[in-house]
Amino acid sequence: MTITAPIVAKRMAEVTASVRAYMRDFPELNRLITGQESSDRQIQWAIMDTLDEWNATPPFLGKATLRNMPPISMLRDGIAAYLIESVAILQTRNEVSFSDGGLTVQIAPARANLQISALLRERFLQKMGKYKDSQNIEAAMDVSGTNSELYYVNDGYFYYGVSYYP
């Protein structure tokens, strides 16, 4: 029996670092805030939410985990979308507008973040759809694929008494 916890922890750390680099969330690059905008724990939460979304979206081709996750290039947009959406929620709660001497200023970066989040989510969903469709088609070439409803309607693809599958 092998213990997988160190392997999973190492993979989580690698994905977290990859997402942080993609988001460019480093203290020296954050001019308006001190430190990192998202903690490792928040990034890991977004990773798990993205994997959960992957697993809950048909076709169901097996459960994706940290050990057998889809390519990070596929998941990165989804993870970033969850993170940016979370930041936008915080910014919405802390949105402020003020007026002084006829000058009105409104600090509202949440709208821009929600637009970026929507763009990333759409890109993630498109990538995921294409990837899962291709995996399903590939799996359908052998017995592990997900059958369409026509398989059952047509009694296992029997046509004129001849089965196309052994």
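The values are calculated or read from the model by the stated rules, or taken from the named source; none is laboratory data. Computed from a predicted model, the values in this text were never measured in an experiment. Quick reminder, even Gly has a Cβ in these numbers, built from the backbone with ideal geometry, and neighbours come from all protein chains shown.
For the reader, a short list of remarks on this structure follows.
- Condition check for residue 25: acidic (Asp, Glu), touching a Lys or Arg at 6+ places or on another chain (Cβ under 9 Å) and either buried (at least 19 other Cβ atoms within 10 Å of the Cβ) or within 29 Å of residue 7 (Cβ to Cβ) (or both): no
Conditions (1) in contact with a Ser or Thr (Cβ under 8 Å, 6 or more places away or on another chain); (2) at pLDDT 75 or above, marked per residue:
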site: 68; (1), (2): no, yes
site: 76; (1), (2): yes, yes
site: 95; (1), (2): no, no
site: 158; (1), (2): no, no
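- Unique match (being buried (at least 16 other Cβ atoms within 10 Å of the Cβ) and not in a loop (DSSP other than H, G, I, E, B)) among 117, 99: 117
- The residue that is surrounded by the fewest Cβ atoms within 10 Å (Cβ to Cβ), among those in segment 28-44 that are touching a residue at least 12 places away in the same chain (Cβ under 8 Å) and outside any loop (DSSP other than H, G, I, E, B), is 40.
- Residue within segment 108-129 that is acidic (Asp, Glu) and at pLDDT below 80 present: no
- Scanning segment 120-135 for residues that are buried (at least 16 other Cβ atoms within 10 Å of the Cβ) and of a type in the set (A, V, I, L, M, F, W, C) turns up 120, 124, 128.
- Selection of segment 22-45 for residues being under 24 Å from the mean Cα position of the chain (by Cα) and among the charged types (D, E, K, R) yields 24, 25, 37, 40, 41.
- Among all residues of segment 84-96, there is at least one that is surrounded by fewer than 17 Cβ atoms within 10 Å (Cβ to Cβ), in a loop (DSSP other than H, G, I, E, B), of a type outside the set (Gly, Ala, Ser) and out of contact with any Phe, Trp or Tyr (no Cβ under 8 Å at 6 or more places or on another chain).
- Of 93, 11, 41, 67, all but one fail to be of a type outside the set (S, T, N, Q) and closer than 24 Å to residue 111 by Cβ; the exception is 93.
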